[in-house]
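Heads up, the thing below is written out as structure tokens.
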Amino acid sequence: NWLDDKGINVVLVNPATTKRNKENRDNSPSKSDPKDALVIADVVSRGYYYDYTRQATNFQRIRTIMSDREFWVTNSVRLQNRIIRWLDMRFPEYTTVFKHWTCPRSIATLKEFPSPLELKDQSTADVITRWRNHMKRAGGSTGIQKAAELISHASKSVGDTTALEDAKQDLQRLIDEYERIVDILEQIEKDIATVLDEIPIASQLRSLKGLGPIYIAAILSGAGDLKQYAHGRQLLRRAGLNLAESMSGKRKGEIVISKRGDAKLRKYLYLATLTLVGINAVFRQLHEENVQIKHMSKQQSVFKLLGKLARVLVGMVQRDESFTPEKTIHNYTQAA
């Protein structure tokens, strides 16, 4: 950006290109800063580069926010795995009572009764009373049932009790940190919604049922302004989802995706397609046709629909239209 502000023409070279070309000059895998500079200059002189295009402020903001979100999501997953490990060691029967330990009643239990020893001598009413310190609707038939199950499992738990006081302190720290990260992620989602409201094309993308704000933000952060793409194939190439084939003479290798592109954009396009297959009636119908009529595997169908999603997103933005199910199915049938 600093170079661009100075009026200097800026181009970018794919690191994979320099990595594969560094042996061309001296037939050696050696690496140094002077050699890297020479290889990059040589690659640029032969035209293997692409121009740098600065995105608008809102797209830069959404990219920064989504990068921040990835960091905190990673930390959240790491903490959750550590808490699950704690439960597996200290109270292995716990997951038979609470399928998801992150539910409010489970969090309240871990705060008030961090070990089976503290639960087994309690009554159902005592457990519910302690739950009310952390949640409003602690009782009811569900609360009574869960409290009874907890007490029953705690009385015959095989969990490890060595160094229990230290272990309980560790659990408390983990839960406190988990709740802090949950608050951070909630604030980040609010910031994402605010920025998306300032991006006109985001409202068009929302018309596609199943494409939530996180998916929209992730796609725009990785791809930038979709108006710069003339066709969905360009978006697929940006994500490294274009097809690559190895063949020579009569030998024909397997066709695979290139994976030469933005990994986060590739991940979220794939996850968005899976969500659309489960939620959106149009994509579900197309998926069922691929699997039942065209006899594709489910994974093949998902990747075919991923290409469809890329074309739909670019087409909606280029034509300034909302999502139209009839047009989508008609165009898909023609392409097939």
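Some notes on this structure:
- Under the Karplus curve 6.51 cos²θ - 1.76 cosθ + 1.60, θ = phi - 60°, whole-Hz ³J(HN,Hα) for segment 93-104, x wherever Gly or Pro sits: 7, 4, 6, 6, 8, 10, 5, 10, 5, 7, 5, x
- Label-to-label distance for residue 57 and residue 163 is 5.3 nm, based on points extended 7 Å past Cα in the beta-carbon direction.
- Along segment 2-11 the Karplus relation, 6.51 cos²θ - 1.76 cosθ + 1.60 evaluated at θ = phi - 60°, assigns HN-Hα couplings of 5, 5, 5, 4, 7, x, 8, 5, 10, 10 Hz to successive residues, with x for each Gly and Pro.
- Surface accessible to a 1.4 Å probe, per residue, for the residues of segment 36-129, Å²: 55 Å²
- The mean of 1/r over all distinct Cα pairs in segment 14-171, once inverted, gives the Kirkwood hydrodynamic radius of 20.6 Å.
- What segment 203-247 shows is 45 Å² of accessible area per residue, with the surface traced by a 1.4 Å probe over protein heavy atoms.
- With each label modelled as a point 7 angstrom along the Cα→C-beta vector, the residue 75-residue 149 pair spans 3.3 nm.
- Here the accessible area of the chain is 51 percent carbon and sulfur, with a 1.4 angstrom probe and all protein chains present.
- Rg(Cα)/(2.2 N^0.38 Å) for segment 1-50, N = residue count: 1.26
- For segment 175-248: rounded, prolate or oblate by the Cα gyration tensor [a/c cutoff 1.5]: oblate
- Under 5 Å, built H, 5+ apart or other chain: amide partners of residue 244: 256, 257, 258
- Normalised by the number of residues in segment 119-165, the mean separation of alpha-carbon contacts (under 8 Å, six or more apart) gives a relative contact order of 49 percent.
- Relative contact order, percent, segment 162-318 [alpha-carbon distance under 8 Å, six or more residues apart]: 24 percent
- Computed from the alpha carbon positions, the gyration tensor of segment 78-195 leads to an equivalent ellipsoid with semi-axes of 26, 19, 11 Å, biggest first.
- Percent of Cα pairs in the chain per distance bin of 10 Å, from zero to the largest separation: 5, 18, 21, 20, 19, 12, 5, 1.
- Net length gained if the chain between residue 180 and residue 48 were fully extended (0.36 nm per residue, minus Cα distance): 42.9 nm
- Relative to the dominant Cα principal axis of the chain, helix 140-155 is inclined by about 80°.
- Karplus-derived 3J(HN,Hα), 6.51/-1.76/1.60, for each residue of segment 119-131, Hz, glycine and proline x: 9, 5, 9, 8, 9, 4, 5, 5, 4, 5, 4, 5, 4
- With R₀ fixed at 51 Å, the C-beta to C-beta distance from residue 259 to residue 129 puts the FRET efficiency at about 0.40.
- The Cα atoms of segment 111-155 give a gyration tensor whose axes a ≥ b ≥ c have a/c of 1.5 or more with a/b no greater than b/c, which makes the shape oblate.
- 19 Å Cα-Cα threshold exceeded, pairs from 190/264; 267/298; 227/304; 252/294; 267/304: 190/264; 227/304; 252/294
- Summary value for segment 6-107: 23 percent relative contact order, contacts being C-alpha pairs under 8 angstrom separated by 6+ residues.
- Inter-site label distance for residue 5 and residue 291 at 7 Å from Cα along Cβ, in nm: 5.3 nm
The values are calculated or read from the model by the stated rules, or taken from the named source; none is laboratory data. None of these values were measured; they are calculated from a predicted model. FYI the Cβ positions are ideal-geometry reconstructions off the backbone, even for glycines, and counts take in every protein chain you see. The area values use the complete protein model at the heavy-atom level, side chains included, leaving out ligands, DNA and RNA. Shrake-Rupley method; radii C 1.70, N 1.55, O 1.52, S 1.80 Å.
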